[in-house]
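These notes are about the structure you will find just below.
The values are calculated or read from the model by the stated rules, or taken from the named source; none is laboratory data. These numbers were taken from a predicted model, which means no experiment stands behind them. Note: ideal-geometry Cβ built from the backbone for every residue, glycine included; neighbour counts use all protein chains shown. The accessibility values were calculated without ligands, DNA or RNA, using every heavy atom of the protein model including side chains. Shrake-Rupley method; radii C 1.70, N 1.55, O 1.52, S 1.80 Å.
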Amino acid sequence: MPLERLVLIVVIVIAGLFGTVWLVALLTAAFSMPLGVLALVPAAVAGYVVWRVISERLGNAEDDHYDRIEK
């Protein structure tokens with residue numbers, strides 16, 4: 001396995017862990033404070049942005065052009 005692939009996997013795992021901890025902290029704050037539901041707004045915006053980026057990357061036909069190039 002190439003080193004850059006291993007580093008990418010480690011970075012993705014750490015980012016997933018960070019995102020999970022951040023989301024749990026927001027949910028805990030939302031249910032423990034009177035107006036804590038407003039803390040969920042940044043999480044919803046971040047989730048929407050991530051969703052749009054992933055859907056754009058998967059549905060872009062221009063990026064598929066480079067998959068057919070011989071390496």
Notebook entry, point to check: When residues of the stretch 6-38 are filtered for being within 18 Å of the chain's Cα centre (by Cα) and more than 20 Å from residue 49 (Cβ to Cβ), how many remain?
Noted result: 5
Check: Just wondering, is there one or more residues in the stretch 57-68 that are at pLDDT below 85, of a type in the set (D, E, K, R) and under 14 Å from the mean Cα position of the chain (by Cα)?
Finding: yes
Next item on the list: Keeping to the stretch 9-47, report how many residues are open to solvent by 100 Å² or more (accessible area, probe 1.4 Å), of a type outside the set (Phe, Trp, Tyr) and in a helix (DSSP H, G or I).
Entry: 4
